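Below is one structure, written out as C-alpha cells; the observations come after it.
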Amino acid sequence: MLRTILFTAIVLAIAIGGGAGSVWMALHASEGIGAVQIGDWTAFPDVGTPDADTYSKARFAREGGLALGRAEGIAFVAPRDSSGALLRRNCTYTIEGSIPSSRFWTIYAADADRVVLPPVVRRVPALHSYEMLRTSDGAIRITIGPDPAPGNWLGITGSGSMQLVLTLYDTPAATAARVFEIELPQVLKVACND
C-alpha cells in the first residue's frame, strides 16, 4: 500500500514537473515553433494572425505585447551578436547593413522580458528611421553601447544581458512568403567594459 502511494507520488511529480518545465521552455525560447531566423535576428511572423500556433500566442500574451498583423508590420529580436555570444549591456555593438523597405522602423534595446532598457540621461530609449544618418549606399550604421559615439548612437545603461528589437511597420517583408527573402543588418561586437 505504501509502495503504491509512493510510486504514484513519484510518477505525478515527474509528470507535473516535466510538463511545467516543457511549457516554461517553450514560452521562454526565442527560437522554435513558429520562429523565422534571419542572420542574427528572429521573428514570429504569424503571431498577429489567425495562423499563429498555440505556443506563439501564449508567449506573446505572457509578454503583454500588441500583436502586429501581416499588413501592419513585423518585429525581429536579436539576443546574440554575429559570433553567437549573448548581448551584454556593458559591451559596445555596431549594427551594420541595410534595412528592408518599410514605411517606418524602430530599434531599441530591451531586457529578457522585452521591457525597454532605461536610456542614458536626456536621451530617447529608441531610434527610428526618420532620424538615421545613412551611408552613401543607403545602409545604416548604429553604435549601441554605454559610451557616446559619433553618428547614430543608442545609449544603454546597467549590466546584464539584453536583446535588440527591430520593428518594421507597413512593410512587404511581413508576409510569410517574403520574410525569407529579406536581408537584415549584422550585430557586431566592438568591445566590452569588463
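Could we say that Y108 is under 26 Å from G69 (Cα atoms), of a type in the set (F, W, Y) and buried (at least 20 other Cβ atoms within 10 Å of the Cβ) here?
yes
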Residue that is nearest to the chain's Cα centre (by Cα) [pool: residues in the range 78-105 that are surrounded by 20 or more Cβ atoms within 10 Å (Cβ to Cβ), hydrophobic (A, V, I, L, M, F, W, C) and at pLDDT 90 or above]: A78
task: Report whether or not I99 is assigned to a strand (DSSP E or B) and farther than 29 Å from V23 by Cα.
output: no
- prompt: Which residues, taken from the range 40-53, are polar (S, T, N, Q) and at pLDDT below 75?
  reply: T49
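Within the range 78-96, can you find the residues that are part of a loop (DSSP other than H, G, I, E, B) and touching a Phe, Trp or Tyr at 6+ places or on another chain (Cβ under 9 Å)?
Step one: of the range 78-96, the residues part of a loop (DSSP other than H, G, I, E, B) are 79, 81-85, 87, 89-90.
Of everything in the range 78-96, those that are part of a loop (DSSP other than H, G, I, E, B) and touching a Phe, Trp or Tyr at 6+ places or on another chain (Cβ under 9 Å) turn out to be D81, L87.
Of all the residues that make up the range 66-77, how many are in a loop (DSSP other than H, G, I, E, B) and either modelled with pLDDT of 75 or more or over 20 Å from A173 (Cα atoms) (or both)? Walk me through how you get there before you give the answer.
Step one: filter the range 66-77 for residues in a loop (DSSP other than H, G, I, E, B), giving 66-72.
Right, trim to either modelled with pLDDT of 75 or more or over 20 Å from A173 (Cα atoms) (or both) and you get 72.
Going through the range 66-77 one residue at a time, the tally reaches 1.
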task: Please verify whether the range 163-173 includes one or more residues that are within 19 Å of G97 (Cβ to Cβ), in a loop (DSSP other than H, G, I, E, B), polar (S, T, N, Q) and without any contact (Cβ under 8 Å) to a residue 12 or more places away in the chain.
output: no
query: P150 passes all but one of (1) under 29 Å from R59 (Cβ atoms); (2) free of Cβ contacts under 8 Å to residues at least 12 places away in the same chain; which number fails?
result: (1)
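The values are calculated or read from the model by the stated rules, or taken from the named source; none is laboratory data. On a predicted model such as this, the values are computed, not experimentally measured, just so you know. All Cβ positions, even for glycine, are placed from backbone atoms using ideal geometry, and neighbour counts span all protein chains on display.
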